[in-house]
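The values are calculated or read from the model by the stated rules, or taken from the named source; none is laboratory data. Here the structure is a predicted model, which means the values were calculated and not measured. Note that we place each Cβ from the backbone using ideal geometry, even for glycine, and neighbour counts take in every protein chain shown.
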Amino acid sequence: MKGIVLIGFMGAGKTTVGQKLSQKTGLQQIDFDELIVQEIGMTIQEYFDQYGEEAFRKKETEILSKSLDLEHIISTGGGIVLKEENRRLLNQMPTVVYLKTDADELVKRLKRDKTTVRPLVVSKSPEEIKEVYVPRIPFYEESANIIVETTNRTPDEIVQTILLKVGE
Ligand code: S3P
């Protein structure tokens, strides 16, 4: 089975669904945020504060371009689709799944998640979070070849749908 790349906004479930997909398929999971944190030796928040978002985006492109042929389950960061170059790279990958979620549901999940500090949503109002999300929607759509709705669905249901759609 070919690898599966998961894309979607923060809170869409890319990490959780990726872990479950990895268990079901036996393919190794890699999480781009984790790889970047290992490489930079600090949190994403600290990196944003010291070097800025653009430097972080460069790291994402480096990792993505090295991952094109991997037969892994890849959980990306929510902003991977922002750069045109990344969208082009994603279009070269065989299975890219957009975990699509309603904006209100995303806001709820992000407010509930007290463990991950995300520089682009920390201390933002629900309206401001939606302002980050909405302009990205066309980018997620054009980068994916499979779209899976996640609103009101459990991670197990989402995994089942993905496996059906990829024909496993
Ligand atoms: C970001 C999403 C985060 C992380 C960084 C920026 C974004 O990953 O890469 O904070 O711009 O959407 P998750 O989607 O895994 O939270």
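Can you pull out the residues in segment 127-156 that are of a type in the set (K, R) and part of a loop (DSSP other than H, G, I, E, B)?
If the condition is that a residue be of a type in the set (K, R) and part of a loop (DSSP other than H, G, I, E, B), then R153 is the only one that fits.
Could you list, in sequence order, the residues of segment 113-139 that are modelled with pLDDT of 95 or more and either under 19 Å from E149 (Cβ atoms) or under 14 Å from the mean Cα position of the chain (by Cα) (or both)?
K130, Y133, V134, R136, I137, P138, F139
Answer yes or no: is there a residue in segment 59-77 that is within 22 Å of T151 (Cβ to Cβ), in contact with a strand residue (DSSP E or B) (Cβ under 6 Å, 6 or more places away or on another chain) and not β-branched (V, I, T).
Scanning segment 59-77 turns up at least one residue that is within 22 Å of T151 (Cβ to Cβ), in contact with a strand residue (DSSP E or B) (Cβ under 6 Å, 6 or more places away or on another chain) and not β-branched (V, I, T).
Among the residues of segment 31-44, is any loosely packed, with under 15 Cβ neighbours inside 10 Å, under 26 Å from T101 (Cα atoms), within 10 Å of the ligand (Cβ to nearest atom) and acidic (D, E)?
yes
What are the pairs, 6+ residues apart or on separate chains, where a residue within segment 36-49 that is in contact (Cβ under 8 Å) with a residue 60 or more places away in the chain has its Cβ under 7 Å from a residue that is among the charged types (D, E, K, R) and within 10 Å of the ligand (Cβ to nearest atom)?
Short answer, once both residue conditions are applied: I44/D33.
Name the single residue that is farthest from L163 (Cα to Cα) among those in segment 1-10 being at pLDDT 95 or above and more than 7 Å from the ligand (Cβ to nearest atom).
That would be G8.
So V107 fits all but one of (1) within 13 Å of the ligand (Cβ to nearest atom); (2) surrounded by 14 or more Cβ atoms within 10 Å (Cβ to Cβ); what number is the exception?
The failed condition is (1).
Within segment 1-53, work out how many residues are part of a strand (DSSP E or B) and either of a type outside the set (D, E, K, R) or at positive phi (or both).
6
Is it fair to say T101 is under 20 Å from I158 (Cα atoms) and within 11 Å of the ligand (Cβ to nearest atom)?
On the way: under 20 Å from I158 (Cα atoms): yes; within 11 Å of the ligand (Cβ to nearest atom): no.
Answer is no for this residue.
Could you grab me the full set of residues in segment 68-113 that are in a helix (DSSP H, G or I), in contact with a helix residue (DSSP H, G or I) (Cβ under 7 Å, 6 or more places away or on another chain) and farther than 12 Å from G8 by Cα?
Answer for segment 68-113, where residues must be in a helix (DSSP H, G or I), in contact with a helix residue (DSSP H, G or I) (Cβ under 7 Å, 6 or more places away or on another chain) and farther than 12 Å from G8 by Cα: E85, N86, R87, L89, L90, N91, V107, L110.
Taking segment 45-79, which residues are in contact with a Gly (Cβ under 8 Å, 6 or more places away or on another chain), within 13 Å of the ligand (Cβ to nearest atom) and closer than 21 Å to T16 by Cβ?
If the condition is that a residue be in contact with a Gly (Cβ under 8 Å, 6 or more places away or on another chain), within 13 Å of the ligand (Cβ to nearest atom) and closer than 21 Å to T16 by Cβ, then E60, I74, S75, G78 are the ones that fit.
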